[in-house]
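Note sheet for the following structure.
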């Protein structure tokens, strides 16, 4: 039975791979996700929190597999602040799994705010798990929500999701975040790891619509 479930999980993830966008389309999709969330008139990421964030991660269309095994799978990008501007996009993968009687599949846009240097170093590593290696909490929603909530004071990473138009803070504990070297190679034309990209050591010569959106809504880093 365990082997059968493992094979089903592998098939589910393989199916999700086959439906993927190209890196440049995914980067544009990521920019659109953040632009639409921040343009919402009443619900979105509090501006103060976004202004204080050290890094932003967006995974457009995180997939949840179906059948007897649910497998989360998604690809996206992280960008971090460096000397007053945003880094180039560093590709990341989200993965996780759960066993249960799930039927159908759903797609959810995920946004994470990394709130300090410690979270940046987690993000720049090869792999880490939310809730285990890095503290994570559902982020507060609203234009005027105070940025000094317990979540924002204690958590290294604040997490949000948008599905079917609804935007909310969400717990992503147990999700595994890994660097995506394959995508980085496609974007930059050579091997590049996330540590070098996020620390500004890799020159970003490609069109980067996500950086333009970040520069609009989070132009500077406000110190607490």
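The values are calculated or read from the model by the stated rules, or taken from the named source; none is laboratory data. Only a predicted model underlies this, so the values are computations on that prediction, with no experimental measurement involved. Here the Cβ positions follow ideal geometry from the backbone for every residue, glycine too, while neighbour counts run over all protein chains shown.
Of all the residues that make up the range 144-159, how many are modelled with pLDDT of 85 or more and in contact with a helix residue (DSSP H, G or I) (Cβ under 8 Å, 6 or more places away or on another chain)?
Going through the range 144-159 one residue at a time, the tally reaches 3.
Kindly provide the set of residues from the range 49-78 that are more than 18 Å from residue 108 (Cβ to Cβ), surrounded by fewer than 24 Cβ atoms within 10 Å (Cβ to Cβ) and modelled with pLDDT of 85 or more, ordered by number.
49, 50, 51, 52, 54
Looking only at the range 158-191, which residues are within 13 Å of residue 78 (Cβ to Cβ) and in a loop (DSSP other than H, G, I, E, B)?
Of everything in the range 158-191, just one residue is within 13 Å of residue 78 (Cβ to Cβ) and in a loop (DSSP other than H, G, I, E, B), namely 180.
What do you reckon, is residue 141 at negative phi, touching a strand residue (DSSP E or B) at 6+ places or on another chain (Cβ under 7 Å) and modelled with pLDDT of 90 or more?
Against the criterion (at negative phi, touching a strand residue (DSSP E or B) at 6+ places or on another chain (Cβ under 7 Å) and modelled with pLDDT of 90 or more), residue 141 does not qualify.
Does residue 93 satisfy being surrounded by 16 or more Cβ atoms within 10 Å (Cβ to Cβ), touching a helix residue (DSSP H, G or I) at 6+ places or on another chain (Cβ under 7 Å), modelled with pLDDT of 70 or more and under 22 Å from residue 181 (Cβ atoms)?
It is false that residue 93 is surrounded by 16 or more Cβ atoms within 10 Å (Cβ to Cβ), touching a helix residue (DSSP H, G or I) at 6+ places or on another chain (Cβ under 7 Å), modelled with pLDDT of 70 or more and under 22 Å from residue 181 (Cβ atoms).
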